[in-house]
Structure formats: C-alpha cells, structure tokens
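Peer 1: First the structure, then my questions, so here it is.
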Amino acid sequence: QEEGEAALTEAELEQRVEILLCETDTLRMLDLPPALLSSEAPQARSVLERNKIYEEICKAKIGSEYFEEKIVQTISGAAKTKEVQCEALGVAEKGTVVTPWDLDSSLDASGTGPAETEEPEPPAGESSKPPAAEEQGQAGAVPSATASSVTLAGSAAPARSPEEQECLSGAILTSAKLQQDLVVMERILMENIFQPKLAVYRQIPVLVEPVVASDTKVEEDEEDEDEEKQEEAAEAAESPAEAAGPRLEQLWSYQCDLTRGHSVSSMAWNKVNPDLLAVGYREFVSRDQKKGLACCWSLKNPMWPERIFRCERGVTAVDFSVASPSLLAVGTADGRVAVYDVRSREDAELLDSSASLNKHKGPVWQLRWVEQDRGATAGDKEERLMCISGDGRMTQWFIQQRLDCSDVMQIKRTESGKKKLPGERERKSEGPISQQAAGMCFDFHPEDTDIFLVGTEEGHIYCCSCSGKEQILGTYRGHEGPVYKVAWNPTSTDMFLSCSADWSILLWHRHSHTPLLTFTSVTAFVHDIKWAPKSALVFAAVNEKRVEIWDLSVSIFDPVLSCAASPEGNLSSLLFASNAECLLLGDSCGQVGVWQLPSLPVPSTEQVQLCSRGPGSFP
C-alpha cells in the first residue's frame, strides 16, 4: 500500500468484484502472402482470370527465338562502365628507289632466289651493267641508285632458325652493355628506396617531393603538423632523461637469402673506399665443417653483395689491404689463408696457403694487414699480413709467387697462478696435451707497430715486440676465460681494453699488470669491443644478448646505452662506421644492421690527459 492512500475497510474487502478477460488484437511479426488461394475466397475469380490471360500470352510466344520458359530469380545489378585507354598508334610512310639488281642481291642474301645461271664474262673494256644502268649513269642518277641499294641491302635480313634466334637472345642477355645498363637501373632503384636512410647516414638533408594541394588541404596539413609537434614536445617533457641520452635507430641491414643461416664472424672497411664493407660468415655447427662466405657489400645496394667468395670452411676473419686496397685477406676455420682480388668477378682466390709447408693447423681467429718499417730509412714501410691461429702460432705472410709465412711468435702455456691454501695438499702436476696455448686475438700499437698485444685461450694477455731479444715484454693476468678481443685506445695510446668469455671487460694501462677498471653488466660472453673513432673515453661492446655503449666520462659502473639490437639471434661482432656516426652490428642470423648513434661526446684535452696518466686517474 502506497503512502498517502487510505486503508480499505472491512466492507470493501468483503465486496465481490467481477473481472472480465478478453482477447487482444493479433500482432503480425511476419506476413508472407500465400501462393495458393482457396476457390471459395472472394478474390478467387479475379485470380483465375489473370492466370488465364498469362497462359494465352505464353501460348502465343511458343516458337519465338526471344522466349524461353524457365523459372529464375533475377537480381538487377548495377551497371558498370568499362573504359580502355591506350597510346595512339603512329603511322608513317617511307619510300625508296629499288632497281632490278637490288632485288637480285636481296634474293641471293636470303637464299630463296632462283638457281644461278652462268653467264659469259663480257669482253675486256665492256661494261657488265645492264643497258638501263648505263643510261641512268649517263643521266647522272647513279648516286641515288647506289644509296638506295645500300639501304635495301642493310635492311633486308635473312630469316633465322629457332636455334639462331635463341643464340642471339643469349648473346644479348650476356652482353656487357646490357649488364652495365642493368647495374645503372639497380642503382637508381636502390637510391629511390633507401634515399632517406642514406641521407641520414651521410648527414645530408633528406629530399622530399613537393606536394601540390589546395589551400584548404594545406591549412589542414599545417594544423596536423602543429598537433604532432605539440605531442612530441609533451612526450619529450614527460621523459627528459631518455630524450637527453643517445639512442640507437636502425637505418637498414645488409642481408640476403644467401647469408641466412650463417653467423657474422668479422667485418672490415675498405681503406680507400669507405662505402665498401667486407663481411665473413660461418655456420654455428660442430667444428664449423660447413662452407663459409666472404661478401663485399656496397652502400649503393644493401640488398645484395657486390662480390661473393665461397670458401670450403667457415670464414673466421677478413681484412682489406692498405697498400693494395683491392686485395682482401680471408681466414677460415681449417687454418687456410686466402687473398682475393675484389676487382675480379670470379670466385677463385688470387693466392692460397694450401701449398705452404708452414700453414696453420687451427682456426685463423684474426688477421690484419700491418705496415712496418722496412729499415733505417724513415718513412720506408712494408705491408705484411699478420695472422693468429688456434695452433698457438702468430705468423706473418709474404705475398710473392705463392703465399708463404714465417712465425712471429709461438704462444707457450703458463702454469696456473693460483696460490696453495693453508693445509692444502700439493697436487701432482699433469702434463698438458700441448705445450702451446691457442691464440685468439691481437692488436698492434697505433703509433709503434713493433709492439702488439696477444690474447690467448688461457685468459692471459701478452705485450710483445717484433724486434729485440726479449719478445714478451709483459704479461697481463685478469681474465678467467678465453680473451676474445683486445683493442688499443687510438687517442690515449697507453690504454687498452680486453673482453673475455668470463662476462667481463677490463681496462688496462700498459705499465700496470693489474686492470684499472672492470666492467660487468650481464652474465653473457663478451664477443667484441671497439673504441669510438672520435672519442678516447667511449667504447662499444657486444655480448650474446645486447650491445652496450660505455662513456667513462659519465659513468664507470653502468653503460650509457644498452639495447637488444638483434631480436632474432645473438650478436657476434661490431664495427664503427669510418665516415658516419653509425655502428654496425653482426648477429648469428647472417644480418649486419646499420644503427645510427648520434651525439657521441668528444672529450676535452684535460680528460684525455687524465686518462693517459695511468692507475688512479679515474674518479
């Protein structure tokens, strides 16, 4: 009972109330008219009359070619307009003067003319031309007739057989002119595809095609650009720390179907042409028993290499010559050293170490062309090819009629430097399987090429000299695993870096046998390190998971940039671009990515001098 209403009395409750129920109107949700009708229906008569008229019409059209009795349901579709447009065919009329002997010459050239009949030679002094020709010559019409005969003889070509046609097509396809034209077309297509990225790489303005639009559209585009700028400014304001730091942006990658399934082992720039890159590939299989590749990539075509050299075993090291920039040295996993001429399109090597008696018996982990002083004369330098191998030898190769080498040094195994704990029994020394330790890497001093560093599988680093009685000048012990790379600082020449399988990067001073700094960020093998070419305090390193950029002027504890640059595989090598602010990263999938690294800081002179002082100079 609602509020405000009076309660019912007992008399009203006892009162009898009658309720009448009735049927409501029928609601039709779907009404389909029937095809049949009852004969008793009111409209049955009109339906029968209409059916009778339809039958008479059908009987009248029997035998007509325009009438066919079928039961169909036709949907009237929208009419479509079709237009065909083609270029107008041009018609031109050409004419020439033809003489009887022109027709005879054409029939003889095609081989379809009648059989030749021998005619008696005319007597001496008489002309062999027909009388008509003599009359024309007397009239002065010989030049026009001769010109017409030459034209007709050149235009009349004999019919070719299918075999001759195929040979002609093959000659056209293999012609040098067609190959050169295809190269030009390929260069144009690559320029159109990669022009914005190449412009960023070259640090030049990007070409943008002008768009012709109406005033209303221009105003709308300007409003959209203003909104985008406001959004970018808001994002930069929200994350100022990220905007201030360096960023990696991938421009493109050198990869094709031929390199998929291979791992990038080494990279090297050409010393004269900074746009030419040599990349060595090998496969991650047992002992690298599958074939390898050495490819030369050009900046003009990032989608296919300019030169492809196939090797019987995986390629482990590549480097271009300094004195002869067209020579490419390649080292393989079976100890073979080969020299290729990149000017030649052939796959065969120019020189090979297979016939050498002193060839390596282990993988050639690194090779490099080094210019050394030939004698006492200043500036008289000779280039030599240096290699280090897993058989414990570092060799220098001489390019003469054949490729031969001599040992620079043999790396001996050293006893473990572990001290015996108090109360520990003295263990019996076990004889090593080999007296030589496997060499992994080397690097020559940037100023004095007689001094070089050697990293070994034992984890030791040796400072050696090419001249003098004492070959090993010092030993640096700090790594617990194989040393994969060593690198002198190009500016502060007394400092060098080393990376190892023990997950660490060590910074050394030449006159200190203990590391100055240790860099460890992740638990992964550090495969490669490189100093930045324009900074003495910035270096890059790659491990299996990511690439790291360290700036010693900012922090010695954490990298300023860390990025997982290869989502598909593991990173294996790196290389700074020689003429751009870019970093090249090779991975285990056969891809070499080119990444832009802007705003690399250049240290001041005081910072470089502080770095060169040695131990204790870092904060």
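The values are calculated or read from the model by the stated rules, or taken from the named source; none is laboratory data. Not measured: the values here are computed from a predicted model. Quick reminder, even Gly has a Cβ in these numbers, built from the backbone with ideal geometry, and neighbours come from all protein chains shown. Remember, those area values only see protein heavy atoms, side chains included, never the ligands or the DNA or RNA. Shrake-Rupley method; radii C 1.70, N 1.55, O 1.52, S 1.80 Å.
Peer 1: Restricting attention to segment 562-575, does a residue exist that is open to solvent by 20 Å² or more (accessible area, probe 1.4 Å) and either at pLDDT 90 or above or on the phi > 0 side of the Ramachandran plot (or both)? Talk me through it step by step, then tell me what you get.
Peer 2: Quick first cut of segment 562-575, residues open to solvent by 20 Å² or more (accessible area, probe 1.4 Å) only: 562-564, 567-568, 570, 572, 575.
Okay, now just the ones that are also either at pLDDT 90 or above or on the phi > 0 side of the Ramachandran plot (or both), so 572, 575.
Scanning segment 562-575, I find at least one residue that is open to solvent by 20 Å² or more (accessible area, probe 1.4 Å) and either at pLDDT 90 or above or on the phi > 0 side of the Ramachandran plot (or both), so the answer is yes.
Peer 1: Is it fair to say VAL272 is crowded, with 18+ Cβ neighbours inside 10 Å, out of contact with any Lys or Arg (no Cβ under 7 Å at 6 or more places or on another chain) and of a type in the set (Val, Ile, Thr)? Let's see the steps before the verdict.
Peer 2: Values: crowded, with 18+ Cβ neighbours inside 10 Å: no; out of contact with any Lys or Arg (no Cβ under 7 Å at 6 or more places or on another chain): yes; of a type in the set (Val, Ile, Thr): yes.
For VAL272, the condition - crowded, with 18+ Cβ neighbours inside 10 Å, out of contact with any Lys or Arg (no Cβ under 7 Å at 6 or more places or on another chain) and of a type in the set (Val, Ile, Thr) - is not met.
Rundown of residues vs (1) assigned to a loop (DSSP other than H, G, I, E, B); (2) closer than 18 Å to THR414 by Cβ; (3) open to solvent by less than 10 Å² (accessible area, probe 1.4 Å), yes/no style:
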residue	(1), (2), (3)
ASP448	yes, no, no
PHE452	no, no, yes
GLY455	no, yes, yes
GLU458	yes, yes, no
CYS463	no, yes, yes
THR475	no, yes, no
TYR484	no, no, no
THR491	yes, no, no
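Peer 1: Hey, among the residues in segment 158-199 that are within 32 Å of the chain's Cα centre (by Cα) and of a type in the set (Ser, Thr, Tyr), which one's least open to solvent (accessible area, probe 1.4 Å)? Give the steps one after another, and end with the answer.
Peer 2: Here is the first cut: in segment 158-199, the ones within 32 Å of the chain's Cα centre (by Cα) are 170-199.
Still in the list and also of a type in the set (Ser, Thr, Tyr): 174-175.
Values: THR174: 107, SER175: 36 Å².
Out of the qualifying residues, it is SER175.
Peer 1: Counting only residues that are among the aliphatic types (A, V, I, L, M) and open to solvent by 10 Å² or more (accessible area, probe 1.4 Å), how many does segment 300-317 have? Can you show your working first?
Peer 2: Of segment 300-317, the ones among the aliphatic types (A, V, I, L, M) are 303, 308, 315, 317.
Add one more test, that the residue is open to solvent by 10 Å² or more (accessible area, probe 1.4 Å), and what stays is 303, 308.
Matching residues across segment 300-317 total 2.
Peer 1: Being without any contact (Cβ under 8 Å) to a residue 40 or more places away in the chain and open to solvent by less than 80 Å² (accessible area, probe 1.4 Å) is the filter here, so list the residues in segment 96-107 that pass it.
Peer 2: Pass one, segment 96-107, residues without any contact (Cβ under 8 Å) to a residue 40 or more places away in the chain: 100, 103-104, 107.
Across segment 96-107, the qualifying residue is only LEU107.
Peer 1: Shifting gears a bit: Taking only pairs six or more apart or across chains, which ones have beta-carbon atoms under 7 Å, a first residue in segment 391-405 that is free of Cβ contacts under 8 Å to residues at least 40 places away in the same chain, and a second residue that is of a type in the set (D, E, K, R)?
Peer 2: Listed pairs, sorted by first residue: THR395/ASP407; GLN396/ARG384; PHE398/ASP404.
Peer 1: Out of LEU584, LEU561, LEU571, LEU552, report the one residue that is within 11 Å of LEU248 (Cβ to Cβ) and in contact (Cβ under 8 Å) with a residue 24 or more places away in the chain.
Peer 2: On the way: LEU584 fails: within 11 Å of LEU248 (Cβ to Cβ); LEU571 fails: within 11 Å of LEU248 (Cβ to Cβ); LEU552 fails: within 11 Å of LEU248 (Cβ to Cβ).
So the residue among LEU584, LEU561, LEU571, LEU552 that is within 11 Å of LEU248 (Cβ to Cβ) and in contact (Cβ under 8 Å) with a residue 24 or more places away in the chain is LEU561.
Peer 1: Please give the strands (runs of 3 or more DSSP E) falling wholly within segment 303-391 in which 1 or more residues are among the aromatic types (Phe, Trp, Tyr) and either modelled with pLDDT under 90 or closer than 28 Å to ASP257 by Cα (or both).
Peer 2: Answer list for segment 303-391: 307-311, 315-320, 337-341, 364-373.
Peer 1: Also, I was wondering about something else. Do we have any residue at all in segment 518-536 that's of a type in the set (Ser, Thr, Tyr), modelled with pLDDT of 90 or more and open to solvent by 30 Å² or more (accessible area, probe 1.4 Å)?
Peer 2: yes
Peer 1: Here's another thing I want to ask about it. Which pairs turn up if I take residues in segment 318-329 that are under 17 Å from TRP297 (Cβ atoms) and open to solvent by less than 40 Å² (accessible area, probe 1.4 Å) and look for partners that are part of a loop (DSSP other than H, G, I, E, B) and aliphatic (A, V, I, L, M) with beta carbon separation below 8 Å, at least 6 apart in sequence or on another chain?
Peer 2: Final answer for the pair search is PRO325/VAL272; SER326/VAL342; LEU328/VAL342.
Peer 1: Could you please let me know if GLU581 is crowded, with 18+ Cβ neighbours inside 10 Å, at pLDDT below 90 and farther than 22 Å from HIS262 by Cα? Let's see the steps before the verdict.
Peer 2: On the way: crowded, with 18+ Cβ neighbours inside 10 Å: yes; at pLDDT below 90: yes; farther than 22 Å from HIS262 by Cα: yes.
For GLU581, the condition - crowded, with 18+ Cβ neighbours inside 10 Å, at pLDDT below 90 and farther than 22 Å from HIS262 by Cα - is met.
Peer 1: Going through segment 57-87 one residue at a time, which ones are surrounded by 10 or more Cβ atoms within 10 Å (Cβ to Cβ) and modelled with pLDDT under 70?
Peer 2: PHE67
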